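What follows is one structure encoded as structure tokens, with my remarks underneath.
The values are calculated or read from the model by the stated rules, or taken from the named source; none is laboratory data. Since we're looking at a predicted model, the values are computed, not measured. Every residue, glycine among them, receives a Cβ derived from its backbone with ideal geometry; neighbour counts consider all protein chains shown. For accessibility, only protein heavy atoms count, side chains too; no ligands or nucleic acids. Shrake-Rupley method; radii C 1.70, N 1.55, O 1.52, S 1.80 Å.
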Amino acid sequence: MMQVEAVVFDVGRVLYQWHLRHLFEKIVDDRARLETLLGEVVTEEWHFEHDRGRTLGEMVPERIALYPDFEPEIRAYATRFNETIPGPVPGSHALVERLDARRVPLYAITNFGAEFWAGFRPSEPIFDRFRDIVVSGEEKLAKPDPAIFALAEARFGRSASTMLFIDDNRANVDAAAACGWHVHHFTDAAALESDLADRKLI
């Protein structure tokens with residue numbers, strides 16, 4: 001394997017905290033209803049359809065037809081998505097800043113719906129430090145599909161063997177490794193800091 005020359009971050013749960021519960025705990029007072037909502041109606045599995053490229057215009061009416069009693073919550077998912085992201089993962093942004101200060105090229109590959117990304121990206125200046133970001137909803141390709149890693153190589157103009165990919169999802173990390181990338185399975189910023197230091201990137 002070649003020396004790492006660039007670092008590629010995931011976004012959700014690596015750079016930013018994310019959970020649908022953060023929004024719906026504000027909206028739903030009844031605990032049983034909340035658990036039904038998160039377990040059956042507005043689930044991460046259903047949300048992943050938007051990450052893969054389906055539009056909210058398709059998904060929301062379809063879901064309301066299936067779960068009419070949950071129409072207010074389903075509509076809130078579409079209009080208040082940024083409230084599912086309460087803030088940065090502790091310590092991660094400081095590592096981005098340190099890498100950038102060392103002039104390490106920064107990129108990202110994120111499973112993120114195109115419409116939600118358009119509403120989130122402009123408010124987060126940390127992404128100004130990134131040279132390019134592959135967004136699954138825009139490409140209609142999502143991790144762990146190997147095709148998104150091939151697309152990223154082409155977009156970034158770099159070989160997989162020169163890039164470190166950081167993700168909290170084991171399936172995504174394994175897929176990247178199988179495509180020849182250096183990888184780090186993210187658990188917290190302290191462990192990532194240690195790995196980056198070992199690689200002499202910070």
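Just one of the numbered conditions (1) in contact with a Ser or Thr (Cβ under 9 Å, 6 or more places away or on another chain); (2) surrounded by 17 or more Cβ atoms within 10 Å (Cβ to Cβ) is not true of TRP46: (1). Taking (1) free of Cβ contacts under 8 Å to residues at least 60 places away in the same chain; (2) open to solvent by 50 Å² or more (accessible area, probe 1.4 Å); (3) of a type in the set (Asp, Glu) in turn, GLU115 satisfies each apart from (1). Considering only segment 4-21, state which residues are open to solvent by less than 80 Å² (accessible area, probe 1.4 Å) and over 16 Å from the mean Cα position of the chain (by Cα). Those that are open to solvent by less than 80 Å² (accessible area, probe 1.4 Å) and over 16 Å from the mean Cα position of the chain (by Cα): VAL4, ALA6, ARG21. Checking each residue in segment 8-20 for being touching a helix residue (DSSP H, G or I) at 6+ places or on another chain (Cβ under 6 Å) and either among the acidic types (Asp, Glu) or not in a loop (DSSP other than H, G, I, E, B) (or both) picks out only LEU20. Does GLU35 count as more than 21 Å from the chain's Cα centre (by Cα) and in a helix (DSSP H, G or I)? So GLU35 fits the description; yes.
Please note which strands (runs of 3 or more DSSP E) are completely contained in segment 90-202 and include at least 2 residues that are polar (S, T, N, Q) and within 16 Å of the chain's Cα centre (by Cα).
Details: elements: 106-110, 132-135, 163-167, 182-185.
So the answer is none; nothing clears 2.
Okay, residues lined up against (1) within 13 Å of ALA152 (Cβ to Cβ); (2) of a type in the set (Ser, Thr, Tyr); (3) in contact with a Ser or Thr (Cβ under 6 Å, 6 or more places away or on another chain); (4) open to solvent by 30 Å² or more (accessible area, probe 1.4 Å):
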{"position": "LEU95", "(1), (2), (3), (4)": "no, no, no, no"}
{"position": "ASP100", "(1), (2), (3), (4)": "no, no, no, yes"}
{"position": "PRO105", "(1), (2), (3), (4)": "yes, no, no, no"}
{"position": "PHE120", "(1), (2), (3), (4)": "no, no, no, no"}
{"position": "PHE127", "(1), (2), (3), (4)": "no, no, no, no"}
{"position": "ILE133", "(1), (2), (3), (4)": "yes, no, no, no"}
{"position": "SER136", "(1), (2), (3), (4)": "yes, yes, no, no"}
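Scoring ALA197 on the criteria (1) surrounded by fewer than 20 Cβ atoms within 10 Å (Cβ to Cβ); (2) in contact with a Lys or Arg (Cβ under 9 Å, 6 or more places away or on another chain); (3) of a type in the set (Gly, Ala, Ser) leaves a single failure, condition (2). Of all residues in segment 147-174, those satisfying the criterion of being in contact (Cβ under 8 Å) with a residue 24 or more places away in the chain, of a type in the set (A, V, I, L, M, F, W, C) and in contact with a helix residue (DSSP H, G or I) (Cβ under 6 Å, 6 or more places away or on another chain) are PHE149, PHE165. If you go through segment 55-82 and keep only what is surrounded by fewer than 16 Cβ atoms within 10 Å (Cβ to Cβ), touching a residue at least 40 places away in the same chain (Cβ under 8 Å) and under 22 Å from the mean Cα position of the chain (by Cα), you end up with THR55, ARG80, ASN82.
Taken as a whole, segment 61-79 holds no residue that is of a type in the set (Asp, Glu) and closer than 22 Å to GLU5 by Cα.
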